[in-house]
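What follows is a single structure, written as structure tokens, with notes after it.
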4 protein chains.
Amino acid sequence: MVGGGQGGFIGRVHRIAARFDDRFALVAGALSSNPVRARDSAAAWEIAPDRAYADWRAMAAAEAVRGDGIEAVVVVTPNESHHAICRMFLDAGIEVICEKPLATSLEQARDLVRAARGRVFGVTYGYTGYPMVREARAQIAAGVLGAVRMVQVEFTLGWLAHPLETSGNKQASWRTDPARAGPSGVVADIGTHAIHLAEFVSGLRLHAVAADLARIVPGRRVEDSANILLRFTSGARGIAWVSMVAAGVDVGLRLRVFGERGHLDWSQASANELKVAFADEPTRVLVRGGPGLSAEAKRASHIVGGLPEGIFEAFATLYHDFAEAIAAHRAGRTIDPLHSWYPTVEDGARGMAFVDAVLRSDAADGAWTELADMEREERA
Amino acid sequence: MVGGGQGGFIGRVHRIAARFDDRFALVAGALSSNPVRARDSAAAWEIAPDRAYADWRAMAAAEAVRGDGIEAVVVVTPNESHHAICRMFLDAGIEVICEKPLATSLEQARDLVRAARGRVFGVTYGYTGYPMVREARAQIAAGVLGAVRMVQVEFTLGWLAHPLETSGNKQASWRTDPARAGPSGVVADIGTHAIHLAEFVSGLRLHAVAADLARIVPGRRVEDSANILLRFTSGARGIAWVSMVAAGVDVGLRLRVFGERGHLDWSQASANELKVAFADEPTRVLVRGGPGLSAEAKRASHIVGGLPEGIFEAFATLYHDFAEAIAAHRAGRTIDPLHSWYPTVEDGARGMAFVDAVLRSDAADGAWTELADMEREERA
Amino acid sequence: MVGGGQGGFIGRVHRIAARFDDRFALVAGALSSNPVRARDSAAAWEIAPDRAYADWRAMAAAEAVRGDGIEAVVVVTPNESHHAICRMFLDAGIEVICEKPLATSLEQARDLVRAARGRVFGVTYGYTGYPMVREARAQIAAGVLGAVRMVQVEFTLGWLAHPLETSGNKQASWRTDPARAGPSGVVADIGTHAIHLAEFVSGLRLHAVAADLARIVPGRRVEDSANILLRFTSGARGIAWVSMVAAGVDVGLRLRVFGERGHLDWSQASANELKVAFADEPTRVLVRGGPGLSAEAKRASHIVGGLPEGIFEAFATLYHDFAEAIAAHRAGRTIDPLHSWYPTVEDGARGMAFVDAVLRSDAADGAWTELADMEREERA
Amino acid sequence: MVGGGQGGFIGRVHRIAARFDDRFALVAGALSSNPVRARDSAAAWEIAPDRAYADWRAMAAAEAVRGDGIEAVVVVTPNESHHAICRMFLDAGIEVICEKPLATSLEQARDLVRAARGRVFGVTYGYTGYPMVREARAQIAAGVLGAVRMVQVEFTLGWLAHPLETSGNKQASWRTDPARAGPSGVVADIGTHAIHLAEFVSGLRLHAVAADLARIVPGRRVEDSANILLRFTSGARGIAWVSMVAAGVDVGLRLRVFGERGHLDWSQASANELKVAFADEPTRVLVRGGPGLSAEAKRASHIVGGLPEGIFEAFATLYHDFAEAIAAHRAGRTIDPLHSWYPTVEDGARGMAFVDAVLRSDAADGAWTELADMEREERA
């Protein structure tokens, strides 16, 4: 693991999730740019002293040549370092699991896509690990709604409704600092989640955006709220609303997908259920562990129904997928389809293409702006 | 009443609501353009035969000169006739209560505003009669949220997810026919509700829109779904989503207003409650008839708390307001402030200015487009 | 109408509900035991002075002999007078609609059952007018759940968590005064509603109770909370919890019926929806006006789906039924089955049998106690 | 760990929860009565072969004398073996964490209480690990509701609505077999949870019960549904409803506690929130990680607010407490009060006293029956 030392937020989620299904062990790390914290964290988690690295470059170099070297690295540092770290571990022959956003520019992201060809590279859009999110995707793929017409997604936070970055809050500081977070604030931070979720579930591909970015808190250096109109390649329309100044919200993540026959509605606040509403028959409420679920939802479930699962379990599902992908890759076999729905480096790069288009649209006073499409370009 | 004969949808709501508080009686009507239906409806409701008019022009002329002539007329015809009918009754000295949208063009609406000066002219944006909508307005006016920063409003219907207008459905036919509904479909039909609600509660004034209109059902002649970005004169931002092809939704009306300290959340699906969420203290759920309500919410309530009220009661609240307004007007006195929150002809004209700006923005590929502002023009 | 003068609570609901569907007009009344209030109320509602009676005895006598005498009387006085009033109007040949509880003793109730044979006598257990309550009954009658095994019903209020009766609250005073309310407090007041609802929906017949009555507020003269175990004649079991000291509740009315295959869940707080959960397929949420409803639910609906209805509309449904019953009775024809689900004097008497059994069980330290069963006795 | 081999249900929860906070490692086990499964499970979890015991007696004996012997054992076998296993490990000087119900008779439970004096003995009533359950307890302890008057608790499952035990379902078989589960079915299995939760949160002590037990599924050998009236020593009243034949329910666990000023409402289905309703001010909804929480709720939380936690995290909280208790015990110091709210052997014995009283009451046709009270007896 690179980053994620003691006291960190997301690193702890990764540590717990990775070992949930006994498929990973944490055996090496460059856990902090602060050497004391790096060493103390390693000791606390029983990492052998010789694998407690002060520097990720040294870690990549050393682990690459050990007989018992790590199979995969988890990258949970601030955004600006993602590209360099991921690139180095890839080059060292080590598989990569990286936090979102994948990078701070589209070019960096594309470089990683190219470097990762033929490799396993997971990106932790963690929300796609929820069983009922997978159920949503399975239902749409099965045609339950008919053709998709509209997508509404919102991802809001309230914690930055006040300028915490001016009072020393560490998380707030780096996330609102263009030098560390990149040129985009909330769009890169959580808008990428929202769009990945929308594409993951709907099966659609985003074509163009018209964006209105705001810096609502005076003095803020990146956008902290964004209203974005969406057009998909299929002709479907949508809206994405992302904000970190939604005072009174803890985490507001909701996706609705409307098709010809009905719609799906999922909110993280009730993550264990999925509402499927129809024009011509009663609404169905599907619940994790309950009757009527797809194989994909069942596979992503960790306990019998009626007992709530949460974010740790969603991440654990991704890690289970990553483990299967790495094992299949090493064995030269095809991955079990039930474990193939994890976000990849291409998904990470899609997020950066979204951020890029949003920034360009906003700069053009909200004009409709197409996403750069690496796959299309390469086909051309 | 003009329009609203037997079998009609909204006319029945008006009839029941008007007499809820014993402040109106239905004594005259031109209840249908179909003379048989007009006559039968009048008979069913015990309207005297000499006041059961075949034609609204005749009604306006006759009622204006009767000693016991009506004090106010209710206009519940399709949109295209609103302007002519309202104008004639105004000119005949009779107060007017008109369904939304007020007209089919901004010019018609402005003509009614000018003609109604010094008169009582109510527009039935019925949702503003809900006690908890009034509570929301009262809370924001009292500064509970601090300055308003963001407004999210959505009003969706699913009933036109299929092309009902092609199979003889009467309501679907006129609402999707530009000749009867006007140049706008869903924006005029329910978008006007959404924007009135947003302005009514937030206390903000909408400045400009960037709109993406869609005709999702093939062959439809008006837009049936609209994604609209909002900018308010205060600098606040927002989104309005209106659709009548939201399959699986019956009526989806929800308003959220975010301020510096927290936000308000109201949905018609749980009309008797209002959620007020704060950054620094637990969320409060206020309920109709419960503790902690404003005088405005209490005044709009019809029964003790815990027993649900619905749309009839919301309309009844507007009618109670209209009755007070007419009585105060006739008596030459100022209206009780608790009865002054009803939608007026100016609010109706604001709706038309919104429709007009949305149509222009969409024609300009979603460019930001200001609303025509009658009050500002007149001040200039 | 007897009782229900201005300022009264339930009388207003009856007045509005009775005319909702234009089937009743209020033309005569003994509206208050206070002659000034009786006269003023009558004047306010345009009752002719000669039909504004100071006394219900005079009213029954006079209306019985008028050519245009009332067809039916509504009785909304405190409980202790129900029997005498209902009996007198029945004897005068006038149909009766009476508030619950029907009487203050089982004997009184049985007397009314006998006196009402061959007549129309409605009791306003108003909650059975909700469309989704009728849907619940229809589903169970259709066998959707299989055999019913368990019934859970609760009806709670919080308003008497404090001894309001000691500070002059009029409603609190008579409802906690054995001389006016009868020997039972909350069980008679709202427990009768709960049990009627349970029997109405489940189709079961209550056989015996084991009751624990409490006088939670010190000094209270009737029980203000009751925990009651239920056994039905079919062998099904259940629990009824009724309380008027449930601080923080406005009105908490919920019914759940469990069968072999699944269960139904209805709460007045979300009166427009009904949850039907199954062991083997996803939960369905049926909504008023939505797809998949029975004819009985549709008949009880007053407006298109998605717009909330409330308690006034539920009462209006009962009044529509009463009107049909009276019309059918007068015409000597069978009532339309869709209008036949209104509560009758027998249902009112069932409520009194329940109160009677509960009081006896509690007096016997909670021993299982059978309800007196008039029908069974008469068959024997 | 004793029991909990691969494929088991609750053992997996314990394994994951125990290491959540890096306070426990699984180093020895007698994981199954099936020796192959025991060995394979141990291998899968990297337990050294010499500590993979075929028999728990051997395990207790061997671990007691190892220098690196286990500090604590987790007992997750069927109920009938709990007593013997716990007793043996206690006697071997090893601390014990045991699944509920603690035993199959009150006498067994009391024996463990006596044997565990001066030791750490945790019982995994896992629901008390939820942060919002702890918040509920903290609020009541702080007097937010005033004196507690009523407690309503229900714990229902639907999985045994059909006689699964007749078709080879392993869990169903032992849970409905008096020889393995003990003389009580659903009351011992989940009623003990319900009562512990009720006492834990309310701070009350249950005094007596009046029970109606049912064997709803024909041929079942233990009660599968129970309606139980409660009286607490303070005079408060309540109801417990427990059932495993509630078809259509996955897990229905809800607790409501009513005091003089308001009530608390918590459901596992929305485990991350707690509703606190008042007679005189708006309802508050407290959420895990949100504003306004007690130190006890904060301590039990594993991640920032807005991200759901579930049952694994609730168990992890108990394990964190157990770890602190063991560490404090070994160090001879007092435990941090924030870690002292875990269920103990006394709580386990309370559960057995409840089961015992329920069985006696039911045998006496529902007569009020007092719980045996070990503490009171010993004081006497």
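The values are calculated or read from the model by the stated rules, or taken from the named source; none is laboratory data. Quick caveat, the model's predicted, so the values are computed rather than measured. As a convention, Cβ positions derive from the backbone with ideal geometry for all residues, glycine included, and neighbour counts pool all protein chains shown. In case anyone asks, the SASA skips ligands and DNA or RNA and just uses the protein heavy atoms, side chains included. Shrake-Rupley method; radii C 1.70, N 1.55, O 1.52, S 1.80 Å.
Around C:Asp265, what is the net charge, scoring Lys/Arg as +1 and Asp/Glu as -1 over all other residues with Cβ under 9 Å from its Cβ?
+3
Given a Förster distance of 51 Å, report the FRET efficiency between C:Glu281 and A:Ala58 from their Cβ-Cβ distance, rounded to the nearest 0.05.
0.35
Can you run phi through the Karplus equation (6.51, -1.76, 1.60; θ = phi - 60°) for region D:270-279 and list ³J(HN,Hα) in whole Hz, with x for Gly and Pro?
Whole-Hz 3J(HN,Hα) from phi for region D:270-279: 10, 4, 7, 9, 9, 9, 10, 10, 10, 6.
For the protein assembly as shown, I need the span (max minus min coordinate) of the C-alpha atoms along each principal axis, in Å, sorted largest to smallest.
For the protein assembly as shown, the Cα extents along the three principal axes come out at 104, 82, 51 Å.
Need one number: convex hull volume per residue for chain A, Cα atoms only, in Å³.
In chain A, the Cα convex hull volume per residue is 142 Å³.
Charges at C-beta only: +1 for Lys and Arg, -1 for Asp and Glu. How large is the resulting dipole of region B:173-302 about its Cα centre, in Debye rounded to 20? Mind dumping the intermediate values first?
Values: 16 positive and 13 negative charges, 36 e Å.
Result for region B:173-302 is approximately 180 debye, rounded to the nearest 20.
About the Cα centre of chain A, how large is the charge dipole given +1 on each Lys and Arg Cβ and -1 on each Asp and Glu Cβ? Please answer in debye to the nearest 20.
Using only the charged Cβ atoms, the result is roughly 120 debye.
For the protein assembly as shown, what is the accessible area per residue in Å², given a 1.4 Å probe and the full set of protein chains? Please report the intermediate quantities before stating the final value.
Details: 50780 Å² over 1520 residues.
It amounts to 33 Å² per residue over the protein assembly as shown.
For region A:95-209, rounded, prolate or oblate, judged on the Cα gyration tensor with a ≥ b ≥ c (square roots of eigenvalues), a/c < 1.5 rounded, else prolate if a/b > b/c?
Numbers: a/c = 2.16, a/b = 1.41, b/c = 1.53.
Oblate, since a/c reaches 1.5 and b/c is not below a/b.
Ranked highest first by the average count of other Cβ atoms within 10 Å around their residues, in what order do A:238-249, D:293-304 fall?
Put in order of decreasing packing, that is A:238-249, D:293-304.
Determine the relative contact order of chain A: mean sequence separation of Cα pairs under 8 Å and six or more apart, normalised by residue count, in whole percent.
20
When each copy gets a label point 7 Å from Cα toward the beta-carbon at B:Ser234, what are the spacings between them in nm, shortest first?
In ascending order, 3.9, 4.4, 5.6 nm.
With a 1.4 Å probe, how much accessible area is buried between chains B and D, both sides summed, in Å² to the nearest hundred? Let's see the in-between values first.
Values: alone 15890 and 15890 Å², together 31070 Å².
Roughly 700 Å² of accessible surface disappears when B and D pair.
So if I place +1 on the C-beta of Lys and Arg and -1 on the C-beta of Asp and Glu, and nothing else carries charge, what would the dipole magnitude of the protein assembly as shown be about its Cα centre? I want it in debye, nearest 20.
In debye, rounded to 20, the protein assembly as shown gives about 0.
Computed FRET efficiency, Cβ-Cβ of C:Asp50 and C:Ala328, R0 25 Å: what is it to the nearest 0.05?
Rounded to the nearest 0.05, the efficiency is 0.25.
Considering every residue in D:256-265, what mean count of other chain Cβ atoms within 10 Å of its Cβ is obtained?
5
Estimate the FRET efficiency between D:Ala363 and A:Ala43 by the formula 1/(1 + (r/R0)^6), using the beta-carbon distance for r and 60 Å for R0, to the nearest 0.05. The partial results should precede the final answer.
Numbers: r = 60 Å, r/R0 = 0.99.
After rounding to 0.05, the efficiency reads 0.50.
Taking 7 Å along the Cα-to-C-beta vector as the label spot, tell me the A:Asp21-D:Ala142 distance in nanometres, rounded to one decimal.
A separation of 4.1 nm, rounded to one decimal place.
For peptide C:367-373, how many partner chain Cβ atoms fall within 10 Å of a residue's Cβ, on average?
Per residue, the number of nearby Cβ atoms from other chains is 1 on average.
Rounded, prolate or oblate, given the Cα gyration tensor of region D:84-129, with a/c below 1.5 counting as rounded? Kindly include the intermediate steps, with their values, before the conclusion.
Details: a/c = 1.85, a/b = 1.24, b/c = 1.49.
Because a/c hits 1.5 or more and a/b fails to exceed b/c, region D:84-129 counts as oblate.
Please name which of C:Ala208, C:Val358, C:Thr334 has its Cα lying farthest along the dipole of chain C towards the positive end, using unit charges on Cβ (Lys, Arg +1; Asp, Glu -1) and the Cα centre as origin.
Farthest towards the positive end: C:Thr334.
Would you mind telling me the share, in percent, of accessible area of the protein assembly as shown contributed by carbon and sulfur at probe 1.4 angstrom?
51
Would you mind giving the mean number of other chain beta-carbons within 10 Å of the Cβ of each residue in C:237-246, as a whole number?
Average neighbour count from other chains, rounded to a whole number: 5.
For region B:50-137, evaluate the Debye formula with one uniform point scatterer on each Cα (no solvent term) and list log10 I(q)/I(0) at q = 0.15, 0.16, 0.19 Å⁻¹, rounded to two decimals.
-0.59, -0.66, -0.87
Over region D:1-67, how many percent of alpha carbon pairs lie in each 5 Å bin up to the one with the longest distance?
Computed distribution, short to long bins: 4, 19, 29, 26, 16, 6, 0.
Quick one: what are the phi-derived ³J(HN,Hα) couplings along region A:64-75, Karplus 6.51/-1.76/1.60 with θ = phi - 60°, whole Hz, x for glycine and proline?
5, 9, 6, x, 9, x, 4, 7, 8, 10, 10, 10
Please work out whether region B:304-347 counts as rounded, prolate or oblate from its C-alpha gyration tensor, where a ≥ b ≥ c are the square roots of the eigenvalues and a/c under 1.5 means rounded, while otherwise a/b larger than b/c means prolate and anything else oblate? Display every interim value, and only then the final one.
On the way: a/c = 2.79, a/b = 1.95, b/c = 1.43.
Since a/c reaches 1.5 and a/b is larger than b/c, the shape of region B:304-347 is classed as prolate.
Hey, which of these cross-link pairs are over 20 Å Cα-Cα: D:Lys100/D:Lys170; A:Lys275/C:Lys275; D:Lys275/D:Lys298; C:Lys275/C:Lys298; C:Lys100/C:Lys298?
Working: D:Lys100/D:Lys170 18 Å; A:Lys275/C:Lys275 13 Å; D:Lys275/D:Lys298 17 Å; C:Lys275/C:Lys298 17 Å; C:Lys100/C:Lys298 26 Å.
Listed pairs above 20 Å: C:Lys100/C:Lys298.
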